[in-house]
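**Student:** To start, I am sharing the structure in question, which I have written as structure tokens.
The values are calculated or read from the model by the stated rules, or taken from the named source; none is laboratory data. Predicted model, so just to flag it, every value in this text is computed and none were measured. Backbone-built Cβ (ideal geometry, glycine too); neighbour counts: all protein chains shown. Note: areas computed on protein heavy atoms with side chains; ligands, DNA, RNA excluded. Shrake-Rupley method; radii C 1.70, N 1.55, O 1.52, S 1.80 Å.
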Amino acid sequence: MQCEQVRQLIEAYVDGELPAHEMTAVQAHLGSCGQCAELETGLRQMQQGLRQHGADSAPIHLRRQIEKSLRTQPVRSPPRAIHGWLGVAASLFLGLLIGGTVPGLWSVATHDNDNYQALVSAHVHSLMADHLSDVQSSDRHTVKPWFTGKLDFAPPVQDLSDHGFSLLGGRLEFIRERPAAALIYKRRKHVINLFIWPEAGPVETSEAQRQGFNLIRWHQGGLGFSLVSDLNPAELTTLAQLLQAKNRT
Amino acid sequence: MVDDLNNEFVRTFMPHMDSAFALARWITGNPQDAEDVVQEAYLRAFRAYERYTDDNSLAWLMTIVRNTSYSWLRRYYPARETAVFDEALHSDGAVPISSTFRLPEQQLYEQLERSQWRDALDKLPVAYREVIALHEIQGLPYRTVADVVGVPIGTVMSRLSRARRHLQQLLLNTKSREQTPCNANKSDS
């Protein structure tokens, strides 16, 4: 085999993609041709360098997040369909155990459905240009007092920048005709709306998905909280937990 | 039964996490976007799992990661060039490399640092970068790369060849800049 032919095949040779007889022929040539052998060495060294320096390990937290979000995926089969409503179902069941009279499952479910729909609509609407904040600030001492006089309750505003959630600002919202505070957080490229309004309810979080968005709801200190975002459920849960912890103090 | 589905998916696809992350990182250009892309890709894969009949789980997942990466780029970086360059301009069968593939300097590659390799990779056009990532870094054979990228094997071979030459040029530029730090570099790519 001549140098010119070998040079045409050398990459496929190094990649182990040549049929056996060509492999042998190239190999034989390389044994006696210094220049071609140098080409082979160069290719292999480049490959080695790429494998060594180009490879990336997935961060450990990513692995955990994915496993967790796979587990919270709503599944199509009927018995699992209520998984996302577990918070509602559990509190109803508890209610039945304790009280006896409790609003019927369907009426409560419909109520929640309407609320979830309204929250997602508000979230989507806020993503449109110029609709995100009424008060634009990452300082909670600016955002919190802004709501005074506009709402008859004081929404707690937390700074979570140390945890990778930055505050973008606040906005006045109406969720099903009820005035609410909207606080806007950001995590990497994901916008998160936190809706807050006065409401009594269970402290347990309940999760749902609507139109590709993830929602988490809970109650604390006489207020209802709802997170809406396309951020994955695992990280959204982290945010919910951080907020719950901070709002306790 | 649902748990079984879940466990089977996890067992099959979680081992490919590093490969998925590497591909996403090299297509999107940064590890933060890669994390988001990988999450989305795994969810997509899970939802499409019913339709998975392949015997090559890595290739199947890589196709989803690749598609998710490009969707991500189009959505968040619409100004960035992601379309594949016109292959017709460079079309041929086996690419003769004798004239254009330079012989490497003595121990060029061993002297380069990690940051220099990665900077050079970042400078490659994305169509070159992805075949380098799939073939050189992840070690996938031509056939699998062709399936993931969606082009004939011949195209993979010629694209890989050009990618290597382009990369070598970038690495040589890095090295010569190092040796003559006082030289003003007129072109930076």
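**Student:** Looking only at residues that are over 23 Å from residue B:139 (Cβ atoms) and assigned to a loop (DSSP other than H, G, I, E, B) in the stretch A:1-29, which one is least open to solvent (accessible area, probe 1.4 Å)?
**Tutor:** Once the filter is applied, the top-ranked residue is A:1.
**Student:** Would you please name the residue that is most open to solvent (accessible area, probe 1.4 Å), looking only at residues in the stretch B:2-53 that are among the basic types (Lys, Arg) and within 9 Å of chain A (Cβ to nearest Cβ)? Break it down into steps so the answer makes sense when it comes.
**Tutor:** Filtering the stretch B:2-53 for residues among the basic types (Lys, Arg) gives B:11, B:25, B:44, B:47, B:51.
Next, only the ones that are within 9 Å of chain A (Cβ to nearest Cβ) stay: B:25, B:47.
Numbers: B:25: 21, B:47: 124 Å².
Among residues in the stretch B:2-53 that are among the basic types (Lys, Arg) and within 9 Å of chain A (Cβ to nearest Cβ), the one most open to solvent (accessible area, probe 1.4 Å) is B:47.
**Student:** Still on this model: What are the residues in the stretch B:60-81 that are of a type in the set (A, V, I, L, M, F, W, C) and either touching a residue at least 12 places away in the same chain (Cβ under 8 Å) or open to solvent by less than 40 Å² (accessible area, probe 1.4 Å) (or both), if any? Lay out the reasoning, then the answer.
**Tutor:** Filtering the stretch B:60-81 for residues of a type in the set (A, V, I, L, M, F, W, C) gives B:60-62, B:64-65, B:72-73, B:79.
Once the filter is applied, which keeps residues that are of a type in the set (A, V, I, L, M, F, W, C) and either touching a residue at least 12 places away in the same chain (Cβ under 8 Å) or open to solvent by less than 40 Å² (accessible area, probe 1.4 Å) (or both), the stretch B:60-81 yields B:60, B:61, B:62, B:64, B:65, B:72, B:73.
**Student:** Hey, among A:231, A:236, which residue is in contact with a Lys or Arg (Cβ under 6 Å, 6 or more places away or on another chain) and not β-branched (Val, Ile, Thr)? Step through it out loud before you land on a result.
**Tutor:** Details: A:236 fails: in contact with a Lys or Arg (Cβ under 6 Å, 6 or more places away or on another chain).
Of A:231, A:236, the one residue that is in contact with a Lys or Arg (Cβ under 6 Å, 6 or more places away or on another chain) and not β-branched (Val, Ile, Thr) is A:231.
**Student:** Name the residue that is nearest to the chain's Cα centre (by Cα), counting only residues in the stretch B:113-122 that are surrounded by fewer than 18 Cβ atoms within 10 Å (Cβ to Cβ) and in contact (Cβ under 8 Å) with a residue 12 or more places away in the chain. Lay out the reasoning, then the answer.
**Tutor:** So the first thing to find is which residues in the stretch B:113-122 are surrounded by fewer than 18 Cβ atoms within 10 Å (Cβ to Cβ), and the list is B:113-115, B:118-119, B:122.
Now restrict to residues that are in contact (Cβ under 8 Å) with a residue 12 or more places away in the chain: B:119, B:122.
Working: B:119: 14, B:122: 10 Å.
Here the residue is B:122.
**Student:** Related question: Looking for whichever is open to solvent by less than 30 Å² (accessible area, probe 1.4 Å), on the phi < 0 side of the Ramachandran plot and among the hydroxyl-bearing types (Ser, Thr, Tyr) here; the options are A:205, A:237. Which one fits? Explain how you work it out, then say what you get.
**Tutor:** Working: A:205 fails: open to solvent by less than 30 Å² (accessible area, probe 1.4 Å).
Going through A:205, A:237 in turn, just one is open to solvent by less than 30 Å² (accessible area, probe 1.4 Å), on the phi < 0 side of the Ramachandran plot and among the hydroxyl-bearing types (Ser, Thr, Tyr): A:237.
**Student:** While we're looking at this one, here's another question. Consider only pairs whose beta carbons are under 6 Å apart and that are at least six residues apart or on different chains; among these, list those whose first residue lies in the stretch B:144-162 and is not hydrophobic (A, V, I, L, M, F, W, C) and whose second residue is not in a helix (DSSP H, G or I).
**Tutor:** B:158/B:95; B:161/B:95
**Student:** Kindly provide the set of residues from the stretch B:143-152 that are open to solvent by 10 Å² or more (accessible area, probe 1.4 Å) and part of a helix (DSSP H, G or I), ordered by number. Before you say what the answer is, go through the steps one by one.
**Tutor:** Looking only at the stretch B:143-152, we keep the residues that are open to solvent by 10 Å² or more (accessible area, probe 1.4 Å), and these are B:143-144, B:147, B:149-152.
Once the filter is applied, which keeps residues that are open to solvent by 10 Å² or more (accessible area, probe 1.4 Å) and part of a helix (DSSP H, G or I), the stretch B:143-152 yields B:143, B:144, B:147, B:149.
**Student:** Residue check: is residue B:164 assigned to a helix (DSSP H, G or I) and modelled with pLDDT of 90 or more?
**Tutor:** Values: assigned to a helix (DSSP H, G or I): yes; modelled with pLDDT of 90 or more: yes.
Spelling it out, residue B:164 is indeed assigned to a helix (DSSP H, G or I) and modelled with pLDDT of 90 or more.
**Student:** Would you please name the residue that is nearest to residue A:57 (Cα to Cα), looking only at residues in the stretch B:34-59 that are free of Cβ contacts under 8 Å to residues at least 12 places away in the same chain, in a helix (DSSP H, G or I) and touching a helix residue (DSSP H, G or I) at 6+ places or on another chain (Cβ under 8 Å)? Before you say what the answer is, go through the steps one by one.
**Tutor:** We begin by selecting, within the stretch B:34-59, every residue free of Cβ contacts under 8 Å to residues at least 12 places away in the same chain; these are B:39, B:43, B:47, B:50-55.
Okay, now just the ones that are also in a helix (DSSP H, G or I), so B:39, B:43, B:47, B:50-51.
Imposing the further condition that a residue be touching a helix residue (DSSP H, G or I) at 6+ places or on another chain (Cβ under 8 Å) reduces the set to B:39, B:43.
Numbers: B:39: 15, B:43: 19 Å.
By that ranking, first place goes to B:39.
**Student:** If you don't mind, another one. Residues of the stretch A:162-194 being outside any loop (DSSP other than H, G, I, E, B) and open to solvent by 70 Å² or more (accessible area, probe 1.4 Å), which ones?
**Tutor:** Within the stretch A:162-194, the subset outside any loop (DSSP other than H, G, I, E, B) is A:162-163, A:166-175, A:178-187, A:190-194.
The answer is A:162, A:163, A:174, A:178, A:186.
**Student:** Separate question: Which one is surrounded by the most Cβ atoms within 10 Å (Cβ to Cβ) among residues in the stretch A:135-161 that are closer than 26 Å to residue A:235 by Cβ and charged (D, E, K, R)?
**Tutor:** A:144
**Student:** Check residue A:56 against each of (1) outside any helix (DSSP H, G or I); (2) more than 7 Å from every other protein chain (Cβ to nearest Cβ) and name the one condition it does not meet.
**Tutor:** In the conditions (1) outside any helix (DSSP H, G or I); (2) more than 7 Å from every other protein chain (Cβ to nearest Cβ), residue A:56 misses (2) alone.
**Student:** Next up: So which residues in the stretch A:17-38 are of a type in the set (S, T, N, Q) and within 13 Å of another protein chain (Cβ to nearest Cβ)? So that I can check it myself, show each step before the final result.
**Tutor:** Quick first cut of the stretch A:17-38, residues of a type in the set (S, T, N, Q) only: A:24, A:27, A:32, A:35.
The one that is of a type in the set (S, T, N, Q) and within 13 Å of another protein chain (Cβ to nearest Cβ): A:35.
**Student:** Also: Any chance the stretch A:202-219 includes a residue that's touching a helix residue (DSSP H, G or I) at 6+ places or on another chain (Cβ under 7 Å), farther than 26 Å from residue A:73 by Cβ and at pLDDT below 95? Explain how you work it out, then say what you get.
**Tutor:** The first filter runs over the stretch A:202-219 and keeps only residues touching a helix residue (DSSP H, G or I) at 6+ places or on another chain (Cβ under 7 Å), leaving A:202, A:204-211, A:213-216, A:218.
With the extra rule that they be farther than 26 Å from residue A:73 by Cβ, the set shrinks to none.
Looking for residues that are touching a helix residue (DSSP H, G or I) at 6+ places or on another chain (Cβ under 7 Å), farther than 26 Å from residue A:73 by Cβ and at pLDDT below 95, one finds none in the stretch A:202-219, hence no.
**Student:** Could you identify the single residue in A:110, A:41, A:101, A:72 that is more than 7 Å from every other protein chain (Cβ to nearest Cβ) and modelled with pLDDT of 85 or more?
**Tutor:** Unique residue meeting the criteria: A:41.
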